[in-house]
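Asker: I am attaching a structure below and will ask some questions about it afterwards.
The values are calculated or read from the model by the stated rules, or taken from the named source; none is laboratory data. Nothing here was measured: the structure is a model prediction, and the numbers come from that model. Backbone-built Cβ (ideal geometry, glycine too); neighbour counts: all protein chains shown. The protein model used for the area step is the full one, side chains on, heavy atoms only, and it has no ligands, DNA or RNA in it. Shrake-Rupley method; radii C 1.70, N 1.55, O 1.52, S 1.80 Å.
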Amino acid sequence: MHMADALVSPVVGGTMWAVSAVLIARCSSRIKNSGNDRLVPLMGVLGAFIFAAQMINFTIPLTGSSGHLGGGLLLAVLLGPSAAFLTIASVLVVQALFFADGGLLALGCNIFNLGFFPAFVAYPLLYKPLAGSSPTRGRLTAAAVIAAVVGLQLGAFGVVFETTLSGVSSLSFSSFLLLMQPIHLAIGVVEGLVTAAVLLFVHRARPELLDGAVSPQLSRSLKPVMVTFLLAALLTGALLSWFASEQPDGLEWSIAKVSGSKELRGPEAGLHSGFAAVQEKIALLPDYAFRKQNEGQMVQAGTQLGTSLSGIVGGTATLLLALCAGFLASRKKSALKGSDAFR
Amino acid sequence: MRSVEGALLDFRQLERLAERDSPLHHVDARAKILATLVFIICVISLGRYQLAALFPFFIFPVVLIAGGGLPVRYLVSKILLVIPFVLVVGIFNPLLDREIVAIAGPVQISGGWISFFSIVLRSLLTVASALILVSLTGFPALCRGLAQLGLPKVFVAQLLFLYRYLFVLAEEAARLKLARDQRCFGGKGTGLASFGTMIGHLLLRSWERAERVYRSMLSRGFAGEFHCPSGSSFGVGDTLFLLGWGLLLLAIRLYDPARLLGLLLTGGVQ
Amino acid sequence: MSHHIVEVGELQHQYADGTCAVTSISFRITHGEAVAIIGANGAGKSTLLLHLNGALAATAGTIRIGDTLLTPATVPQIRRTVGMVFQNPDDQLFMSTVAEDVAFGPLNMGLSGAELEARVVAALTQVDALYLRHKAPYHLSGGEKKRVAIATVLAMSPDILVMDEPTGGLDPYARRQVMELLSGFQHTRIVASHDLDMVLELFPRTIILCQGKVAADGPTTTIFRDRELLARCRLEQPLAMQGCPVCREGAKQ
Ligand SMILES: Nc1ncnc2c1ncn2[C@@H]1O[C@H](COP(=O)(O)OP(=O)(O)O)[C@@H](O)[C@H]1O
Ligand SMILES: [Mg+2]
């Protein structure tokens, strides 16, 4: 499942961007230094293959509904971790830009959730040891299913974790987790079966492709990437815990919600209290606009929310102004070179 | 998820938009990428209850759509496609967060509803900005811009390969699918066994294509180094574009003109 | 001009899956010659051509371009001399615009700036495709793709031109355009094709491949008269040489 921009906070999104960017840079330099320059066109074409393969659906056994290939694990088996990670990342970039899946800020989260776990965890730590060097049908299938399930569970956990830390959704951590994990268990089993079916075919037709002949030296040295990841995770954890304690908006906010204490503060409380002060001076807030339910704690949120009525009036007005600006810009476009509003 | 066929059609459409000619199309990709980034960060950094503060940010997509001569209806229909996903996650807010925080006459508004609408609006804004960025720039130019901004060349080259073979392989997949569906009556034969073989075939064909592409690269002197054709230089117009939007967006973010205007409009009366 | 000579000696190639695609092929092509390589599907034409600039490495045998033996060390130099147009232009046009694609080879040769630009323009003009320079390769028609693919190779100004099925899948007009291009080149030309009428018209010398071996090598007109040989190699006479009155009219023109 893709994260959406609207559900991530800048801190979470930015941190995950940084983590993914580090991983992309590392994997890129690793591919470049491997001297295996045939990998790059291969990765590009296989990325396109993932899109193409998703056009073909199949009937999910026992249910009658239809599914399609996700592809993360398959790429990892075919290309090795680094190349697979970059390929998945590139697919996600295209999806974010063209198909509005996820979004630009959430891209870092998505690359991490859908790329890191299958390429650097599920494949090397589960699929490879489980399948062994010359797997039987059953063994390969079992390895693929287990790796796919774990990869997707980790990915789903990532989504839940990042969403709750961002604190945009009111869903509590545990209930979101309960919602996501079972769905992804089912998706993971199906993904594993499909991956196994494709791998078995390749195994029969072109066994040499599965020997890891493409990137032998890439899959071996995992340690640097794992170390990078751990550092990044620590950094993320530190940043986020600071954020969470500073702004009771993430996990703690959910907990507060459940336990009944109501402390509602936007992440920009500081900025807003300043505005609130200005606003109180102007004192134009009509009394009926909001009801102070919980004097002490609600004031902050109240002053924010109390503005919403006047805010909505003003917002609509600015929206209209924006539309007018656009209308004018489009009318004058031919005459006016560089019709940007600020010029 | 939407059908990939539909998505590919969209892909073509967006690309055609990028071929149009407007002053905005000629702005350097880097300026557009960075301005979009500033926009997204400004929008996302607003608090969950700051619904009204989101409205002024519509100036960015609206002006770019108008200035770039992009088809409004098409873009809106594309942007609306993401709504269902957002609804699924956002709809829990009104259910869980029932604190009444505002009363407008007879209507009581809970915090959940406000944060719900703020999620929806943020989605619309951020998705719109991404689509507009692509429509005004085009994918190859975007990739070149990203390379100039420091994205590793290997990754950029690979993105461009992906883009190049997307349609070729998608058409191949569509033919395979047609061939199967024509011989599958009532859904029999669309199971996992035939699927594995089909995808396997598609995979091997793709692999062989990659090998041929690599050979053709070698034949033209490729020696492991990807040369980016020297992109355009960052001109005065590009700087103005970036500075102008950056300052405007930051100003909107910091001074919430919606509220100021709202206070002016409602305050004057009361 | 001895460096335009192509010499193949006892060439053999076995694919990874064990298929022996060509076995003990030998021939010598001199400067400025136009040679057609014909043969049934799977006869080994493409495999043979891919060896000529080292895109495939021979299992056994030698390739000599001019005085240079093809070895891993000489491959870069030989790739500048031998330009290869692949069978499927979609494999050849892998960049995002036509101009970028044509520039790919010259960039790798170290050209840049105005010199690069001039190369690109000249190559595209030569194939009458300058108007396509800003287009994306997948928006082109079959004939346009083929001509641009040829331009990508011409931009590196090779001495020897190798093409795999240049007229395959083209409509009559596009086929004629490519044929005119081919007849205009002064290079040594080696072309694999099923278009026997084109071979008859443009190529004085023909080599027939049959199951990975050379079945005949000689003047095109002599070879095309030998019906029995052609039948044995799963080929037949060009339409222009068959008894059809309509076609005979065409051959006279
Ligand atoms: N990549 C490959 N792997 C294995 N066999 C191949 C490969 N490419 C071609 N072949 C086989 O080699 C033989 C010659 O193929 P090719 O040179 O493409 O023939 P032609 O171009 O004359 O039609 C055929 O039997 C074909 O199946
Ligand atoms: Mg062939």
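Asker: Given contacts defined as C-alpha pairs under 8 Å and at least six residues apart, what's the relative contact order of chain C, whole-number percent? Walk me through the numbers on the way to the answer.
Answerer: Working: 470 pairs, mean separation 60.8, N = 253.
Once normalised by length, the contact order is 24 percent.
Asker: Then there's this: Run the quick spin-label model on residue A:18 and residue C:31: label points 7 Å from Cα toward the beta carbon, then report their separation in nm to one decimal.
Answerer: Distance between the two pseudo-spin positions: 6.6 nm.
Asker: Oh, and also: Under the rule of -39500 (n - 2.57) per DSSP H run of 4 or more residues, summed and divided by the residues of chain B, what mean residue ellipticity at 222 nm is obtained, to the nearest 500 deg cm²/dmol?
Answerer: Numbers: 13 runs with 194 residues, N = 270.
The helix contribution divided over chain B gives -23500 deg cm²/dmol.
Asker: In addition: For chain B, modelled as a GNM with alpha-carbon contacts under 10 angstrom, which of B:53, B:174, B:35 fluctuates the most?
Answerer: Looking only at B:53, B:174, B:35, the biggest GNM fluctuation is shown by B:174.
Asker: Another question, then. Probe radius 1.4 Å, ligands and nucleic acids left out: can you give me the accessible area buried at the A-B interface, summed over both chains, in Å² to the nearest hundred? Don't skip to the end; give the middle numbers.
Answerer: Numbers: alone 18830 and 16920 Å², together 24940 Å².
That pair of chains buries around 10800 Å² in total.
Asker: Per-residue mean of other chain beta-carbon atoms within 10 angstrom of the beta-carbon, peptide A:30-42?
Answerer: On the way: counts 1, 4, 6, 0, 0, 1, 1, 10, 9, 4, 15, 17, 9.
What the average comes to for A:30-42 is 6.
Asker: Nearest 10 degrees is fine. How inclined is helix B:139-148 to the longest principal axis of chain B, computing both from alpha carbons?
Answerer: 80
Asker: Further question on the same structure: Residues in segment C:31-46, backbone N under 11 Å from the label point at residue C:16 (7 Å along the Cα-to-beta-carbon vector): list them, ranges by number please.
Answerer: none
Asker: In nanometres, what is the gap between the two model label sites at residue C:130 and residue B:95, each 7 Å from Cα along Cα-to-Cβ?
Answerer: Distance between the two pseudo-spin positions: 6.6 nm.
Asker: Over chain C, what is the percentage of antiparallel beta bridges among all DSSP beta bridges, to the nearest 5?
Answerer: Working: 19 of 36 bridges.
For chain C, the DSSP antiparallel bridge percentage is about 55.
Asker: Run a plain Debye calculation on segment C:2-252 (Cα atoms as equal point scatterers, no solvent) and give log10 I(q)/I(0) at q = 0.08, 0.10, 0.16, 0.17 Å⁻¹, rounded to two decimals, same order as the q list.
Answerer: Taken in order of the listed q values, log10 I(q)/I(0) reads -0.31, -0.49, -1.22, -1.34.
Asker: Follow-up. For segment C:36-72 and segment C:98-157, what is the centre-to-centre distance using only Cα atoms, to the nearest Å?
Answerer: A separation of 25 Å, based on Cα centres.
Asker: A further question on this structure: Whenever you get a sec, compute what percent of the accessible area on segment B:152-222 sits on carbon and sulfur atoms (1.4 Å probe). Display every interim value, and only then the final one.
Answerer: On the way: 1480 of 2520 Å².
Result for segment B:152-222: 59 percent of the exposed heavy-atom area is carbon or sulfur.
Asker: Can you tell me, using C-alpha contacts under 8 Å and at least 6 residues apart, the relative contact order of chain B as a whole percent? Write down the numbers at each step before the final one.
Answerer: Working: 209 pairs, mean separation 85.9, N = 270.
Reported relative contact order: 32 percent.
Asker: Step by step: find N for segment B:152-222, compute 2.2 N^0.38 Å, then divide the Cα radius of gyration by it. What's the final number?
Answerer: Relative to the 2.2 N^0.38 Å estimate, segment B:152-222 comes out at 1.43.
Asker: Now a separate question. State, in angstrom, two size descriptors of segment C:1-148 derived from its alpha carbons: Rg to one decimal place and Dmax to the nearest whole number.
Answerer: Both quantities, over Cα of segment C:1-148: 17.1, 48 Å.
Asker: Assuming R0 = 60 Å, what is the FRET efficiency of residue C:239 and residue A:142, from their Cβ-Cβ distance, to the nearest 0.05? List each step's numbers first, then the result.
Answerer: Details: r = 59 Å, r/R0 = 0.99.
Plugging the Cβ-Cβ distance into 1/(1 + (r/R0)^6) gives 0.50.
Asker: For every helix of n ≥ 4 consecutive DSSP H residues, a contribution of -39,500 (n - 2.57) applies; sum these over chain C, divide by its total residues, and give [θ] at 222 nm rounded to the nearest 500 deg cm²/dmol.
Answerer: Details: 11 runs with 96 residues, N = 253.
Result for chain C: -10500 deg cm²/dmol, rounded to the nearest 500.
Asker: Using the Cα gyration tensor of chain B, with a ≥ b ≥ c the square roots of its eigenvalues, what is the shape: rounded (a/c below 1.5), prolate (a/b larger than b/c) or oblate (neither)? Intermediate results must be reported in sequence, preceding the final value.
Answerer: Working: a/c = 2.84, a/b = 1.44, b/c = 1.97.
Since a/c reaches 1.5 but b/c is at least a/b, the shape of chain B is classed as oblate.
Asker: Quick one: which residues, 5 or more positions from residue C:217 or on another chain, have an amide H under 5 Å from its amide H? H modelled 1.01 Å from N in the peptide plane, none for Pro or chain starts.
Answerer: Excluding prolines and chain starts, which carry no amide H, the hits are C:208.
Asker: Quick one: 3J(HN,Hα) in Hz for segment A:141-151, Karplus 6.51/-1.76/1.60 with θ = phi - 60°, rounded, Gly and Pro as x.
Answerer: My calculation for segment A:141-151 gives 4, 4, 4, 5, 5, 4, 4, 5, 4, 5, x Hz in order.
Asker: Another one. Between residue C:221 and residue C:117, what FRET efficiency follows from the Cβ-Cβ distance if R0 is 51 Å, with the result rounded to 0.05? List each step's numbers first, then the result.
Answerer: Working: r = 44 Å, r/R0 = 0.86.
Using R0 = 51 Å, I get an efficiency of 0.70.
Asker: Quote the FRET efficiency, to the nearest 0.05, computed for residue B:107 versus residue B:250 with a Förster distance R0 of 35 Å and r equal to the Cβ-Cβ distance. Each step should come with its number before you reach the end.
Answerer: Details: r = 34 Å, r/R0 = 0.97.
E between residue B:107 and residue B:250, to the nearest 0.05, is 0.55.
Asker: Residues of segment B:124-160 with amide nitrogen under 14 Å from the 7 Å Cα-to-Cβ point of residue B:233?
Answerer: Under 14 Å, as judged by backbone N against the label point of residue B:233, lies no residue of segment B:124-160.
Asker: Now, a different point. Nearest 10 degrees, 0 to 90: what angle lies between the long axis of helix B:153-182 and the longest principal axis of chain B (Cα atoms)?
Answerer: Value to nearest ten degrees: 70.
Asker: Modelled label-to-label distance, residue C:59 and residue C:7, 7 Å Cα→beta-carbon offset: nm?
Answerer: Distance between label points: 2.5 nm.
Asker: Okay, next question. Could you work out the mean count of beta carbons from other protein chains within 10 Å of each residue's beta carbon in A:169-176? Mind showing how you got there, number by number?
Answerer: On the way: counts 11, 16, 7, 2, 0, 0, 2, 2.
Averaged over the peptide's residues, the number is 5.
Asker: How large is ³J(HN,Hα), in whole Hz, for each residue of segment B:21-33 in order, when computed from phi with the Karplus curve 6.51 cos²θ - 1.76 cosθ + 1.60 and θ = phi - 60°, using x for Gly and Pro?
Answerer: Coupling constants for segment B:21-33: 10, 8, x, 5, 5, 8, 5, 4, 4, 4, 4, 5, 4 Hz.
Asker: Using a loss threshold of 20 Å², tell me which positions in segment C:120-138 are less accessible in the complex than in their chain alone. Probe radius 1.4 Å, ligands and nucleic acids ignored.
Answerer: Going by heavy-atom accessible area, the residues of segment C:120-138 that drop by at least 20 Å² are C:138.
Asker: Need one value for C:43-53: mean number of C-beta atoms belonging to other chains within 10 Å of its residues' C-beta atoms.
Answerer: Details: counts 0, 0, 0, 1, 0, 0, 0, 3, 0, 1, 4.
Averaged over the peptide's residues, the number is 1.
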